[in-house]
Amino acid sequence: MDIWVGSYTSATGGNGVGVSTFRRGDDGTLTPDRELALDSPSWLTAHPTAGVVYATNELTHGTISVLSHDLELLETVSSGGADPCHLALSADNRHLLCSNYSSGSLSVFALGADGRIERQTELVRHEGSGPNVDRQEAAHVHQAVVRDRIVSVVDLGTDEIRAYELAENGKLDPLTVSAMPPGTGPRQLHRGRDDLGYVVGEVAGTLVVVREGPPGTFSPVTTVPATKEKWTGDDPNWVAHLEIVDDRLYLSNRNPDCVTEFDISAEEPVALADHPSGAWPRHFAIADDTMYVAAQKDDALVVFPRSGGDTVRYPTGTPTCVLVR
């Protein structure tokens, strides 16, 4: 098993090298393996069959890099916007969708059978704002979630989830707009069991439970704090990443610096524990009941059991994203 780590580099004020990989031994320990210099690859997504990995280069003039499994740079193309922060593949793996945060846009790219990017097929821009004047002064597209032909686009700036239908030619047809509670600042959407879903409220420091129906339309059901222990620090809790394993939901919290574990066996999530995770846990991945956390301000990959426990730190500069391969 290999652990890939993207990082902020000097291009955006970080001290990472670009992409670093670690090899996991049979005993669970990690050994530094390879490095590739690349400008601020803040998100990594692997193609399931083509043998390539896509990386967002989170720059003012954003780009997407395509990497081989051997960590070689194959190509770099424009992302179509500013500060790309997330990538997703269509259900048939024929298109790549890129969220451009600062320009509030979503771009779509046609892929070849080898996973290489052939051309841009679509670019949609959102308009609007939210009540938090510092964080929601404009549209900020943060994530696209794909189910069949429906693409749900999470907009932190406008407190909305906008749904589109992805056509065979890579074009996006608008379907619905779902409003989240004002000031939520939605960052991510994750579908759960039945018709329930979960939205990361980055700006509000919350976890929002939503119900989907019809497909692509989400209605808020309840909202709970993003941590078990009430956060009373001077700086806000900028909630970041969400993962679900069975009836457990895990949510990373920046400033409280923990990954909070929730029981989601009932409709309303119940916070069970705040697991220390290193400073500014921007992203994490779970594999073999082990948590791999990109502790951005600790310059470390922090590893601990999914249920909590002792942590092991592996130095790596300004980590932003973890990909387990």
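Computed with every protein chain present, the accessible area of Val133 is close to 110 Å² [probe 1.4 Å].
Cβ neighbours within 10 Å, averaged per peptide: list 81-87, 176-182 in order, most packed at the top.
Averaged packing, sorted descending, gives the order 81-87, 176-182.
If R0 is taken as 22 Å, the Cβ-Cβ distance between Asp148 and Ser219 corresponds to a FRET efficiency of 0.65. Excluding ligands, DNA and RNA, the accessible surface per residue across region 208-288 is 41 Å² with a 1.4 Å probe. All other residues whose Cβ lies under 13 angstrom from that of Thr9 are scored, Lys and Arg at +1 and Asp and Glu at -1, for a net of -4. Remark on Trp43: its backbone amide H falls under 5 Å from those of Thr56, a criterion applied only to residues 5 or more positions apart or on other chains, H modelled at 1.01 Å from N. For Asp310 and Lys230, the FRET efficiency from 1/(1 + (r/R0)^6), where r spans their Cβ atoms and R0 equals 22 Å, is about 0.30. Can you give the net charge of the other residues whose Cβ lies under 9 Å from the Cβ of Thr21, counting K and R as +1 and D and E as -1? Once positives and negatives cancel, what remains is 0.
Rounded to a whole number, what % of the accessible area of region 187-325 do carbon and sulfur atoms account for, probe 1.4 Å? Within region 187-325, the accessible surface is 47 percent carbon and sulfur. For the peptides 116-124, 237-245, the ranking by mean Cβ contacts within 10 Å, running from highest to lowest, is 237-245, 116-124.
Taken about its Cα centre, region 1-118 carries a charge dipole of roughly 200 debye when the Cβ of each Lys and Arg holds +1 and the Cβ of each Asp and Glu holds -1.
Scaled against 2.2 N^0.38 Å for its residue count N, the alpha carbon radius of gyration of the chain is 0.93.
Would you kindly state how much longer the chain becomes between Asp263 and Ala279 on full extension, computed as 0.36 nm times their sequence separation minus their alpha carbon distance, in nm to one decimal?
3.3 nm
Entry comment: accessible area of region 83-127 is 36 Å² per residue, from protein heavy atoms only and a probe of 1.4 Å. For region 50-65, the Karplus equation 6.51 cos²θ - 1.76 cosθ + 1.60, evaluated at θ = phi - 60°, returns couplings of 7, x, 10, 10, 9, 10, 7, 9, 7, 10, 4, 9, x, 9, 10, 10 Hz by residue, with Gly and Pro reported as x. Across region 268-278, computed HN-Hα scalar couplings (Karplus, 6.51 cos²θ - 1.76 cosθ + 1.60, θ = phi - 60°) run 9, x, 10, 6, 9, 6, 9, 8, x, 9, x Hz from first to last residue, x flagging Gly and Pro. Shape call for region 222-325 from the C-alpha gyration tensor, a ≥ b ≥ c root eigenvalues: rounded (a/c under 1.5), prolate (a/b greater than b/c) or oblate? In terms of gyration-tensor shape, oblate. For Arg135, which sequence-distant residues (separation of 5 or more, or a different chain) have an amide H within less than 5 Å of its own amide H, given hydrogens modelled in the peptide plane? Residues meeting the criterion, in which the H sits 1.01 Å from N, do not exist here.
The values are calculated or read from the model by the stated rules, or taken from the named source; none is laboratory data. Please read all numbers here as calculations on a predicted model, not as lab measurements. Methodologically, a virtual Cβ is constructed for each residue, glycine included, from the backbone with ideal geometry; neighbour enumeration extends over all protein chains shown. Heavy atoms of the whole protein, side chains included, go into the accessibility calculation; ligands, DNA and RNA do not. Shrake-Rupley method; radii C 1.70, N 1.55, O 1.52, S 1.80 Å.
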